[in-house]
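The values are calculated or read from the model by the stated rules, or taken from the named source; none is laboratory data. Since the structure is predicted, the reported quantities are computational estimates derived from the model, not experimental observations. Every residue, glycine as well, gets a Cβ built from its backbone with ideal geometry; the counts of neighbours run over all protein chains shown.
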Amino acid sequence: MTRMMLLALACTSLTACDVRNTAEDGAAAATPEAGATSGTSEPTGPRETLTGTNGLALELPAGVTSAMMGDRDVEALAVQVLLDHTKHSPGVIDGYMGDNVVRAIREYREMTGLPASDAVDGELLRSLLESQGGSIFATYTISEKDLAYPFKPVPEDYAAMSKLDRIGYETPQEMLAERFHMDQDFLAALNPGVDFSKAGTRIAIVSQGTERLDGNVARIEVRKGSNSVVVLDEGGDVLASYPATIGSGDFPSPSGTMEVTGFAPQANYTFDNDEQEWGPDESYVIAAGPNNPVGGVWIDLSKKGYGIHGSPDPQLIGKTASHGCVRLTNWDARELGHAVSQGVEVTFT
């Protein structure tokens, strides 16, 4: 194993779904949902080092011990974070080697010309480290602006949800975990006993890449067989790939080719019981926000009622069914939405 394998710690009314765009919240509420990373800094103090099966050595943040990591795999975590930086999204970063990570590894290997495989080996790790560097962890100081967000419980049923003027985050922990693409339990494990509702609190997080796609998006492939959305430029080169929930046996996603007709970064959700084969007996309009049924993020497609959208449950992407639409994590849907334009081809394969 070469010196490159040593990672230094660094900071760093419709058939399916009906949405309407709404105005964005004020800055205090909208900024946390935008995935901002201001406030990150380099951790200081003594650190413990973990070594993976391929010899990768990962320094934990100051104050974080191997016991806090539990049974999470050091190399799975490093691969998740670095893949997230490459735009081959592993979904929620949690330190476990799941199907979404395996899919992202395959897509990354294909894009970079590495031998086809889903293995985490020295060749994959070297490629990720050489292209993305070794930034895995960072720290963040919770601000007064963060805590100005209007946190409130979100009811489960549509009737109660429709009475709220915003379907936002329930807790600061949920908001921060989503901002840094992390599983809530993993964020809590790295910060045991921390009060996420206290301004000035310094927390350990994973290093975050930008939520911006470079290049011009010409085509989107919704790949049902791999539960993924793959984004390509005019030359057919892959710009990004995302884990996705794509329809179900009872409510399959469509086939063929459509086009992007619009993007709503603050979308509400309309449930029309006259046009649905599932759900409550009445129709409801549910306000925008990251915890509404489409995660408040909607990319509209040319077939009525269908779109690519976010989700209030990012940890379930690729693991459960949808009602015909294509679900991504909110951050992946937002990244893709800001990169597409009207007329971009969307092919279901």
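Sort through PHE196, PHE186, PHE180 and tell me the only one that's of a type in the set (A, V, I, L, M, F, W, C) and in contact with a helix residue (DSSP H, G or I) (Cβ under 7 Å, 6 or more places away or on another chain). Step by step, each of PHE196, PHE186, PHE180 is checked, and only PHE196 is of a type in the set (A, V, I, L, M, F, W, C) and in contact with a helix residue (DSSP H, G or I) (Cβ under 7 Å, 6 or more places away or on another chain).
The helices (runs of 4 or more DSSP H) located wholly in the stretch 127-197 that include 1 or more residues which are surrounded by fewer than 19 Cβ atoms within 10 Å (Cβ to Cβ) occupy 144-147, 158-161, 184-190. Looking only at residues of the stretch 215-236 that are more than 15 Å from THR347 (Cβ to Cβ) and in contact with a helix residue (DSSP H, G or I) (Cβ under 9 Å, 6 or more places away or on another chain), we find that the one that is surrounded by the fewest Cβ atoms within 10 Å (Cβ to Cβ) is ASN216.
From the list GLU335, GLU345, exactly one residue is within 17 Å of the chain's Cα centre (by Cα) and among the acidic types (Asp, Glu). Which is it?
Result of the check over GLU335, GLU345: GLU335.
Here the strands (runs of 3 or more DSSP E) wholly within the stretch 1-95 that include at least 2 residues being in contact with a Gly (Cβ under 9 Å, 6 or more places away or on another chain) and modelled with pLDDT under 50 are 18-21.
The criterion of being assigned to a helix (DSSP H, G or I) and among the hydroxyl-bearing types (Ser, Thr, Tyr) holds for TYR108. The set of residues in the stretch 104-122 being exposed (fewer than 15 other Cβ atoms within 10 Å of the Cβ) and in contact with a Pro (Cβ under 8 Å, 6 or more places away or on another chain) is empty.
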